[in-house]
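The values are calculated or read from the model by the stated rules, or taken from the named source; none is laboratory data. Bear in mind the structure is a predicted one, so any value in this text is a computation, not a measurement. Here the Cβ positions follow ideal geometry from the backbone for every residue, glycine too, while neighbour counts run over all protein chains shown. Each accessible area value is taken on the protein alone, full model and side chains, heavy atoms only, with ligands, DNA and RNA left out. Shrake-Rupley method; radii C 1.70, N 1.55, O 1.52, S 1.80 Å.
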Amino acid sequence: MIRVGIPRSLAYFKYFPLWQTFFESLGAKVVFSLPTNPLIVEQGIKSVVDEACLPVKVYFGHVQYLKDKVDYIFVPRLVSVERKEFTCPKFLGIPDMLKASIPDLPNLIAPTIDLTKQDKYLWKKVWEVGRLFSSNPLKVSLAWQKGLSELSTYKQTWLEEEIPAQLNIYYKPTYSQSLKVVLLGHEYIIYDQYLSMYLIEKMAKLNIKVVTTEMLSPWIINKEAKSYPKRIFWEFSKNTLGSVFYYSKQEEIAGFILMSSFGCGPDSMTASIIQHYLKGVKDKPLLNLTIDEHTGEAGINTRLEAFYDLLMRRVG
Amino acid sequence: MSLYLGIDVGSVSTNLLVIDEEHNVIESIYLRTQGRPLESIKKGLMMLYPRLPKKEKIAGVGTTGSGRQLAAFLVGADVVKNEITAHAVAAAQQVPDVRSVLEIGGQDSKIIILENGVVTDFAMNTVCAAGTGSFLDQQAARMGLSIQEFAQLALQAKNPVRIAGRCSVFAESDMIHKQQLGHSLPDIIAGLCQALVRNYLNNVGKGKNIKPPVLFQGGVAANPGIKVAFEKALNTEVIVPRYFNVMGALGAAILAKEAIVKQERTNFKGFNLIESQFTTSSFDCHGCPNICEVIELYIDGNLTARWGDKCNKWTDALQTKVAN
């Protein structure tokens, strides 16, 4: 059986049900890397250029983990996943960076996904990957449809304000009377337990109900994002701002927490816009958290606890 | 009369402060942590004990600062509070109508905005510790000055030079460059103070509504050069409260008093602690790929507390052992 490795990092958090089902339906065995741990981080830091942000470094660690365990590693080059919107430039270069930095890699499956072009283009890409496993276009198409349906189930769970069980995050507050706080940040940071220093679990322990961008339908996000005077062409920034605009109008939202990685280009803009916007909104405080390679949790704990005290004193 | 003890274990200093029922400060101690928090807590208790009125008892203990958990395990605390809340509580007690608190400590800098004594907004420096007390310490040491001399020199400046304050590594190279060009020491030091303030306001203070009365506290508030630079930049009077360098401990003591109202008796282990030997050791748990660093606290050779494991495996094991 052909083994396909999928790094449990970056776009994994958004698309893994699609990828996993697709490859499995084509008869491949999917191997995920372990959830991020200190060894993976260390491996990543060793193998990548030092200017990369922490999540990219960690991605390299996940690839290192998979390297000798599989026949292929799936590392899609995500250029654009929605029309006229783009992902971060570092995403674009990942397959090339991997090839240049890690010797003896197994074959990479690295289709370029650029949906700025027409819809038909996507099928071409699906076929490009699928034919490595089957010469039957119908079988590939069926696998793709099955994957899409898994993805939509996954997304549906989010819309019900739940964090899918596959992510293995304890997020339910102890008591029903809880504060509702919006957690903003890249999926690959806030749902990566190790990178986020268990932020969601810490919030749950403080009896905070976490809501996130993923829990809003694209329809709401796109509608809200349009109220921004300029078209936002970074896909992540658009989603984040759309959800900030939406949640800031909801009375039950007690505040916002934004977690980003040190040195993140798109976030430097997004964070400023959010800060500026929320300053004008009454009673919606914002907490900014930055992560980097350090593992001391004291800083995050202090800020989170102080933010909680602030919210509690407001609620009274 | 009952007394309340606040302990603030920071990166640079360990502070102990005792208040009475009316929030009067009975005694306060400011010590350098010097990388040895356990020893400095013990030393603080040793210094504090003879200075306290003999008849009075400690009725409650609060800990704060980055070493608050460690301190809490050690002395038996009734309340463990983050330093932002502790600082805000202390500031509001000292200057009841305070609206902005600028706090610069050893490795942290923060800003707290209050309305009617309640925190409405705050920010802390991010991962970078540029422009905090540790950096001033280092620079003073590099010039062979005590931090007190360093602070006084800043006030003698006639024409402060411009120093890059964004990063302490850059600031240091900038200062060396200016010094080799022949600028006077006071001008360079005053320039550094301004750079630090500029960096603080652009970074921590970004987007915050800084309104008077403004309080400036934390260890760096001992430095009049920084106070003057703040006043110039904010164009308003900046108050350095009397207990500026032990405000966290004051806040912890006040919070301890509040906590003790709700609970019957204190968890404080008593001053006998100073005769005990504290040691810590740590090990990496290889039970899962997280490889947590587990820390163990021994009092007189007995394992008393454990922490650092994410799954609580080691913490719980010890608690069960103690319970049996």
Inset, instruction - Could you tell me which residue of the stretch A:219-245 is farthest from residue A:186 (Cα to Cα), considering only residues that are surrounded by fewer than 20 Cβ atoms within 10 Å (Cβ to Cβ) and hydroxyl-bearing (Ser, Thr, Tyr)? - result: A:227
Legend entry - Test: residue in the stretch A:152-170 that is surrounded by 19 or more Cβ atoms within 10 Å (Cβ to Cβ), touching a strand residue (DSSP E or B) at 6+ places or on another chain (Cβ under 6 Å) and not aromatic (Phe, Trp, Tyr): no
Legend entry - Residues within the stretch A:23-40 that are open to solvent by 30 Å² or more (accessible area, probe 1.4 Å) and either within 14 Å of another protein chain (Cβ to nearest Cβ) or out of contact with any Lys or Arg (no Cβ under 7 Å at 6 or more places or on another chain) (or both), tallied: 7
Inset, instruction - Could you tell me whether residue A:253 is more than 9 Å from chain B (Cβ to nearest Cβ) and touching a residue at least 24 places away in the same chain (Cβ under 8 Å)? - result: yes
Inset, instruction - Spot the failing condition for residue A:153; the list is (1) among the β-branched types (Val, Ile, Thr); (2) in a helix (DSSP H, G or I); (3) in the same structural domain as residue A:286 (by TED's automatic domain parsing), and only one is missed. - result: (3)
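Looking at A:138, A:142, A:105, A:122, can you tell me which residue is open to solvent by less than 80 Å² (accessible area, probe 1.4 Å), outside any loop (DSSP other than H, G, I, E, B) and either of a type outside the set (D, E, K, R) or at pLDDT below 95 (or both)? Don't jump to the end; show me each part of the working.
Values: A:138 fails: open to solvent by less than 80 Å² (accessible area, probe 1.4 Å); A:142 fails: open to solvent by less than 80 Å² (accessible area, probe 1.4 Å); A:105 fails: outside any loop (DSSP other than H, G, I, E, B).
Exactly one residue qualifies, and that residue is A:122.
Being assigned by TED's automatic domain parsing to the domain that holds residue A:185, touching a Pro at 6+ places or on another chain (Cβ under 9 Å) and of a type in the set (Lys, Arg) narrows it down to one of A:209, A:284, so name that one.
Numbers: A:284 fails: touching a Pro at 6+ places or on another chain (Cβ under 9 Å).
A:209 is the lone residue from the list that is assigned by TED's automatic domain parsing to the domain that holds residue A:185, touching a Pro at 6+ places or on another chain (Cβ under 9 Å) and of a type in the set (Lys, Arg).
State yes or no: is residue A:223 assigned to a helix (DSSP H, G or I) and either in contact with a helix residue (DSSP H, G or I) (Cβ under 9 Å, 6 or more places away or on another chain) or within 14 Å of chain B (Cβ to nearest Cβ) (or both)?
On the way: assigned to a helix (DSSP H, G or I): yes; either in contact with a helix residue (DSSP H, G or I) (Cβ under 9 Å, 6 or more places away or on another chain) or within 14 Å of chain B (Cβ to nearest Cβ) (or both): yes.
When the stated conditions are applied, residue A:223 passes them.
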Inset, instruction - Count, please, the residues in the stretch A:256-300 that happen to be open to solvent by 30 Å² or more (accessible area, probe 1.4 Å) and either more than 11 Å from every other protein chain (Cβ to nearest Cβ) or part of a loop (DSSP other than H, G, I, E, B) (or both). - result: 16
Inset, instruction - Please state which of the following conditions residue B:117 fails to meet, knowing it meets all the rest: (1) crowded, with 20+ Cβ neighbours inside 10 Å; (2) within 14 Å of chain A (Cβ to nearest Cβ); (3) among the small types (Gly, Ala, Ser). - result: (1)
Inset, instruction - Taking only the stretch B:1-28 into account, find how many residues are β-branched (Val, Ile, Thr) and either part of a loop (DSSP other than H, G, I, E, B) or farther than 16 Å from residue B:70 by Cα (or both). - result: 5
Legend entry - Residues that are within 14 Å of chain B (Cβ to nearest Cβ) and either in a loop (DSSP other than H, G, I, E, B) or touching a Leu at 6+ places or on another chain (Cβ under 6 Å) (or both), drawn from the stretch A:41-69: A:53
Legend entry - Residues being open to solvent by 30 Å² or more (accessible area, probe 1.4 Å), assigned to a helix (DSSP H, G or I) and in contact with a strand residue (DSSP E or B) (Cβ under 6 Å, 6 or more places away or on another chain) - total across the stretch B:248-276: 1
Inset, instruction - Restrict the check to the stretch A:3-22 and report whether at least one residue is over 20 Å from the mean Cα position of the chain (by Cα), surrounded by 20 or more Cβ atoms within 10 Å (Cβ to Cβ), of a type outside the set (A, V, I, L, M, F, W, C) and closer than 27 Å to residue A:166 by Cα. - result: no
Legend entry - Sole exception among (1) open to solvent by 40 Å² or more (accessible area, probe 1.4 Å); (2) more than 13 Å from the chain's Cα centre (by Cα) for residue B:32, by number: (2)
Inset, instruction - For the stretch A:70-102, enumerate the residues that are in contact (Cβ under 8 Å) with a residue 40 or more places away in the chain, under 16 Å from residue A:44 (Cβ atoms) and not in a helix (DSSP H, G or I). - result: A:73, A:75, A:102
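Mind listing whichever residues of the stretch B:204-218 are outside any loop (DSSP other than H, G, I, E, B) and within 16 Å of residue B:133 (Cα to Cα)?
Step one: list which residues in the stretch B:204-218 are outside any loop (DSSP other than H, G, I, E, B), which gives B:214-217.
Result: B:216, B:217.
If the requirement is being in contact (Cβ under 8 Å) with a residue 40 or more places away in the chain, open to solvent by 10 Å² or more (accessible area, probe 1.4 Å) and not in a loop (DSSP other than H, G, I, E, B), which of these qualifies: B:74, B:38, B:45, B:102?
On the way: B:74 fails: open to solvent by 10 Å² or more (accessible area, probe 1.4 Å); B:45 fails: open to solvent by 10 Å² or more (accessible area, probe 1.4 Å); B:102 fails: open to solvent by 10 Å² or more (accessible area, probe 1.4 Å).
Going through B:74, B:38, B:45, B:102 in turn, the sole match is B:38.
Please specify each residue of the stretch B:230-240 satisfying the condition of being open to solvent by 10 Å² or more (accessible area, probe 1.4 Å) and closer than 27 Å to residue B:8 by Cα. Talk me through it step by step, then tell me what you get.
As a first pass, look at the stretch B:230-240 and keep what is open to solvent by 10 Å² or more (accessible area, probe 1.4 Å): B:231-237, B:239-240.
If the condition is that a residue be open to solvent by 10 Å² or more (accessible area, probe 1.4 Å) and closer than 27 Å to residue B:8 by Cα, then B:239, B:240 are the ones that fit.
State which residue is most open to solvent (accessible area, probe 1.4 Å) when the search covers only the stretch B:277-313 and only residues that are in a strand (DSSP E or B) and within 14 Å of chain A (Cβ to nearest Cβ).
Residues of the stretch B:277-313 in a strand (DSSP E or B): B:278-284, B:293-299, B:302-307.
Of the ones still in play, those that are also within 14 Å of chain A (Cβ to nearest Cβ) are B:282, B:284, B:293-295, B:307.
Values: B:282: 83, B:284: 82, B:293: 121, B:294: 0, B:295: 52, B:307: 48 Å².
Per the criteria, the residue is B:293.
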Legend entry - Unmet criterion (only one of (1) within 11 Å of chain B (Cβ to nearest Cβ); (2) touching a residue at least 60 places away in the same chain (Cβ under 8 Å)) for residue A:244: (1)
Legend entry - In the stretch A:173-197, residue nearest to residue A:246 (Cα to Cα) [restricted to those that are out of contact with any helix residue (DSSP H, G or I) (no Cβ under 8 Å at 6 or more places or on another chain) and without any contact (Cβ under 8 Å) to a residue 40 or more places away in the chain]: A:178
